[in-house]
Amino acid sequence: MGPGDGAPTGRDDVHRSVEPPPDRPVGPREHPAGLDHPLGAPAPLPRRPLYGVLALALGAVAAVSSAFVGVGPAAVDQLVLGQAIDARSGPLTAIAVAVTEVGSTATMGVLAALVTLVLLVRSRPYDALFVAVTAVGASLVFSGLKRLLDRARPPLDDQLVGAANESLPSGHATMAVAVIGSLVVLAWVGQSAATRVAMVVGAALWVGAVGLTRVYLGVHWFSDVLAGWLVGGAWLALCAMVWATASARRRATADG
């Protein structure tokens, strides 16, 4: 048969028109425009950070409870206070007063407020919210514990500075860990290993110095300070985990 006898050819298939599929409404199970897969459920909180938060929370509960009952670290409160009193001197007292004033709850609150404002000006509202919630929440937590437990401070004769409210936990220690720690968390991404080590060491030295001045000045028991460090650390870890998880979800949504 010749080409003119009506036999189908490849050219006929090429030129054959293709009918477009009929329009149909997008049902609830269809993928939204621009996505090639269905939206899944929000990712759960990561387990490793969650375990760390739980460990710190348990440590904070144990520290507060033992200080209130008078066991564990609280058993050496009198001894540590006595050693601090024996170590007092004019220059050392001046340094301790300066450190405790710079590391006060009020100063930490002002620092957190300033950082929050700067972050808002730089259009970083979620980072600003992280710092603000960490600072305000830490203040509420330690204030509530103080009122609930109502532990007495060391004797007035041993105090070198004034302190009016309850003793457990130390507000200075709690706020120092929460506020300074939140700044370290914000500055963490993009830093070299050496810079990260320097940030952690610097923050730990400052937080430690602030807490120990409270014992040196006779306005807190050592167990108060230890409890404050752990309470502040647990609250900081919780806020940082939520902030990091929310940031990861926002990035995933933007990339999707």
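The values are calculated or read from the model by the stated rules, or taken from the named source; none is laboratory data. What you see is a predicted model; the values in this text were computed from it and never measured. Quick reminder, even Gly has a Cβ in these numbers, built from the backbone with ideal geometry, and neighbours come from all protein chains shown.
Summary of computed values
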{"quantity": "Among (1) among the small types (Gly, Ala, Ser); (2) modelled with pLDDT of 95 or more; (3) assigned to a loop (DSSP other than H, G, I, E, B) - the single one Gly82 does not satisfy", "calculated": "(3)"}
{"quantity": "Test: residue in region 228-239 that is surrounded by fewer than 24 Cβ atoms within 10 Å (Cβ to Cβ), not in a helix (DSSP H, G or I) and not acidic (Asp, Glu)", "calculated": "no"}
{"quantity": "Conditions (1) surrounded by fewer than 16 Cβ atoms within 10 Å (Cβ to Cβ); (2) modelled with pLDDT under 95; (3) more than 19 Å from the chain's Cα centre (by Cα): number failed by Val189", "calculated": "(3)"}
{"quantity": "Unique match (being under 22 Å from Glu101 (Cβ atoms) and hydrophobic (A, V, I, L, M, F, W, C)) among Val225, Val242, Val200", "calculated": "Val225"}
{"quantity": "Number of positions in region 158-215 that are among the charged types (D, E, K, R) and outside any helix (DSSP H, G or I)", "calculated": "1"}
{"quantity": "Breaking point among (1) within 23 Å of Ser247 (Cβ to Cβ); (2) without any contact (Cβ under 8 Å) to a residue 60 or more places away in the chain, for Thr134", "calculated": "(2)"}
{"quantity": "Residue tally, condition surrounded by 16 or more Cβ atoms within 10 Å (Cβ to Cβ), among the hydroxyl-bearing types (Ser, Thr, Tyr) and in a loop (DSSP other than H, G, I, E, B), over region 92-129", "calculated": "1"}
{"quantity": "Some residue of region 198-213 being in contact (Cβ under 8 Å) with a residue 24 or more places away in the chain, out of contact with any Gly (no Cβ under 6 Å at 6 or more places or on another chain) and under 21 Å from Val61 (Cβ atoms)", "calculated": "yes"}
{"quantity": "Residue match in region 203-212 (condition: at pLDDT below 95, surrounded by fewer than 17 Cβ atoms within 10 Å (Cβ to Cβ) and aliphatic (A, V, I, L, M))", "calculated": "no"}
